[in-house]
Amino acid sequence: MTDQATQRPAFKGLKWHREPYFSFFIPLDWTVFEWEDDRQGVLYGPSADDDQTVFAVDVKEFDFTVTADDLDDVYDGFITSIQQLPDVSIESSNKRVAGKMVALEAKYTFTANDTTRKRWVRVLYYGPCQVAFTAQGATPETYDYWLPMFFEAMMTAKVHASIPKDA
């Protein structure tokens with residue numbers, strides 16, 4: 001019998017989740033969780049019994065637009081906020097501008113409730129919106145197991161001003 005560290009999840013199919021401002025592919029059989037607050041976005045997880053292993057999207061609307069000129073400042077704030085987490089270890093981070101979009105990304109581990117967790121965050125600024133895509137494992141091992149599914153969601157994530165017409 002193999003353990004979770006050597007197994008890989010099986011794709012049973014994907015669905016395209018789409019809302020104003022964002023869209024992405026997610027496994028068909030993942031559970032939708034509710035945010036505990038009134039934030040705009042969505043939470044998905046592979047199991048209804050594990051609300052710490054999730055692919056989350058959090059949308060914030062501003063009365064201003066983040067531009068390429070703001071890249072260094074928003075990146076510094078992004079990294080500073082991550083560094084405030086207990087026992088954080090940042091594995092990688094980057095920043096870039098693609099057209100009118102400003103993108104920030106980081107992969108890191110941290111401690112929450114006496115448990116080490118692993119997280120991958122991509123924050124995209126487009127127009128007056130900040131869309132944060134987060135893939136988190138309840139543990140680093142759980143994160144590594146679900147990484148193929150997280151990768152699919154992250155790499156198909158798009159930001160837009162409204163629901164795409166070809167949906």
Among the candidates 65, 115, which residue alone is on the phi < 0 side of the Ramachandran plot and at pLDDT 95 or above? 115
Under 7 Å between Cβ atoms, at least 6 apart or on separate chains: pull out the pairs that start in the stretch 125-138 with a residue that is on the phi > 0 side of the Ramachandran plot and end on any residue that is of a type in the set (Val, Ile, Thr). 127/65
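Specify the residue that is modelled with the lowest pLDDT; the eligible residues are those in the stretch 118-149 that are among the hydrophobic types (A, V, I, L, M, F, W, C) and touching a Phe, Trp or Tyr at 6+ places or on another chain (Cβ under 6 Å).
Filtering the stretch 118-149 for residues among the hydrophobic types (A, V, I, L, M, F, W, C) gives 120-121, 123-124, 129, 131-133, 135, 138, 146-147, 149.
Then keep just the ones that are touching a Phe, Trp or Tyr at 6+ places or on another chain (Cβ under 6 Å); that gives 129, 131, 135.
Numbers: 129: 92, 131: 96, 135: 98.
Selected residue: 129.
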Residue 10: passes all of (1) part of a helix (DSSP H, G or I); (2) more than 17 Å from the chain's Cα centre (by Cα); (3) surrounded by fewer than 14 Cβ atoms within 10 Å (Cβ to Cβ) but (1)
If we scan the stretch 101-108, do we find a residue that is assigned to a loop (DSSP other than H, G, I, E, B) and either over 23 Å from residue 16 (Cα atoms) or without any contact (Cβ under 8 Å) to a residue 24 or more places away in the chain (or both)? no
For the stretch 32-79 the number of residues that are within 16 Å of the chain's Cα centre (by Cα) and in a strand (DSSP E or B) is 15
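Working carefully through the options 116, 109, 142, 156, find the one that is β-branched (Val, Ile, Thr), under 28 Å from residue 28 (Cβ atoms) and surrounded by 15 or more Cβ atoms within 10 Å (Cβ to Cβ). Break it down into steps so the answer makes sense when it comes.
On the way: 116 fails: under 28 Å from residue 28 (Cβ atoms); 109 fails: under 28 Å from residue 28 (Cβ atoms); 156 fails: surrounded by 15 or more Cβ atoms within 10 Å (Cβ to Cβ).
From the options 116, 109, 142, 156, the qualifying one is 142.
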Going through the stretch 87-125 one residue at a time, which ones are within 20 Å of residue 161 (Cβ to Cβ) and over 16 Å from the mean Cα position of the chain (by Cα)? 97, 98, 99, 100, 101
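The values are calculated or read from the model by the stated rules, or taken from the named source; none is laboratory data. Everything numeric in this text was worked out from a predicted model, so none of it was measured. Virtual Cβ from ideal backbone geometry, glycine too; neighbours counted across all protein chains shown.
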